[in-house]
1. Can you tell which of ALA134, ALA97, ALA260 shows the greatest fluctuation in a Gaussian network model of the chain with Cα springs below 10 Å?
2. Over the chain, calculate the relative contact order: mean separation of alpha carbon pairs under 8 Å at least 6 apart, over the residue count, as a percent.
3. Explain nothing, just compute: Karplus ³J(HN,Hα) = 6.51 cos²θ - 1.76 cosθ + 1.60, θ = phi - 60°, for every residue of the stretch 33-49 in order, whole Hz, x for Gly and Pro.
4. Mind checking which of MET59, TYR172, LEU129 is farthest towards the positive end of the chain's charge dipole, using Cβ charges of +1 (Lys, Arg) and -1 (Asp, Glu) about the Cα centre?
5. What does the extension gain come out to for HIS293 and ARG228, with contour length at 0.36 nm per residue minus their alpha carbon separation?
6. Scaled to the compact-protein estimate 2.2 N^0.38 Å, what is the alpha-carbon radius of gyration of the stretch 61-100, rounded to two decimal places?
7. Please list, ordered by chain and number, the residues whose modelled amide H lies under 5 Å from the amide H of LYS90; skip anything fewer than 5 residues away on the same chain.
8. Grab the DSSP H runs of the chain that are 4 residues or longer, score each as -39,500 (n - 2.57), total them, divide by all residues and round the 222 nm result to the nearest 500 deg cm²/dmol.
Amino acid sequence: MKKEQIQIAFNQLGKLMIHFGESKAWTGFDLGVTEEEYSQFNELILKQKHYNGWFTEDMVRKSLLNLGKLLDTEKFSAWTGKYEFAVKPKTIAVIMAGNIPLVGFHDFLSVLISGNKLLAKLSSDDKYLLPALAKFLFVFEPALKNRIQFSEGKISGFDAVIATGSDSSSAYFEQYFSSYPHIFRSNRTSLAVLNGGESLKEIKLLAHDIFDYYGRGCRNVTHLLLPRNFDLNRIFEGIVVMGEVIHNKKYGNNYDYNKAVHLLNQVELLDNNFVLLKESTELFSPLGMLNYHFYDSVSELKEYIDNNKDDLQCIVGQKYIPFGLTQKPSLDDYADGVDTLQWLNDLK
């Protein structure tokens, strides 16, 4: 296969994903699929919440839209043009997480566009969407059938491993896969740095960084760094736009549980009926909560970031990633800062 064949297939898939993401009706065979195939995938989107209560229709479509936009022909060509295409394909095992819809898509894409073969072990929390998208790829480029394999059981016959999971699963990865070339990813989170000069619009965008996918991604903000004397009412005023999250049963249960535990322990909280704000220097916060603390100087701010750099995926703020974009990474914004395509290129 040639890189161009795979690229064209993904370009077509991107157009299709954008249509699904925007809840558009089937527009004809220019999408590359029949009306029946289009309808079946729409039904699959609606069923996701029954398989996984976190995968509501709006969150699944949001993921499809964001990922589909990455496959824009110009952006995609600029990204792939910097890397070589494997002459002798290797089989790359990819162990995927399931915290947000299609969280393993970038690894899926990277393995294939580098010219390698994919052996994917899907999370039980997200095992339907990616195989369904792969079937569309097979329509656009039948030769990809020989390059994509999904496994539900024990995996074997691979040359290298990309594994994403929790801190507890890292020990498992080390035990079973450390003898192979590997990328292991564990828990990370993101923080927001505010300076007091943010507009209401920016804080509303920050709300998406906090609450998109119900705050379950490593790119979701779990901690606010605020200048001393910052008015917290400004945070509440901005994030109210995402108040609907409380109507998700699983999110609501987390909110209620954490509220009860902290009240029993007489921990002071700020509550707006859908998220609990707690003053704490802890970087990670439980679902339904948001930690914050105040800083008095730039040096103090930098020290906190430096002390937590190994646990940080994103920093959002006026001098960092713009508000509202943590869950819309570019193709070369790699998880944990490891250039996946370069790593794949370097495999011997």
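1. Most flexible of the set in this elastic network: ALA260.
2. Details: 547 pairs, mean separation 57.2, N = 348.
Worked out over the chain, it gives 16 percent.
3. 9, 7, 4, 5, 5, 5, 5, 5, 5, 4, 5, 5, 4, 5, 6, 4, 5
4. Positive-end residue among those listed: LEU129.
5. Values: separation 65, 0.36 × 65 = 23.40 nm, distance 0.87 nm.
Stretched fully, the HIS293-ARG228 segment lengthens by 22.5 nm.
6. Rounded to two decimals, the normalised Rg is 1.56.
7. Amide H neighbours of LYS90: LYS117.
8. Values: 12 runs with 142 residues, N = 348.
Calculated mean residue ellipticity at 222 nm is -12500 deg cm²/dmol.
Values in this text are rule-based calculations from the coordinates and carry no lab data. These figures come from a predicted structure and were not determined experimentally. Counting neighbours? That spans all protein chains shown, and the Cβs are built from the backbone with ideal geometry, glycine included.
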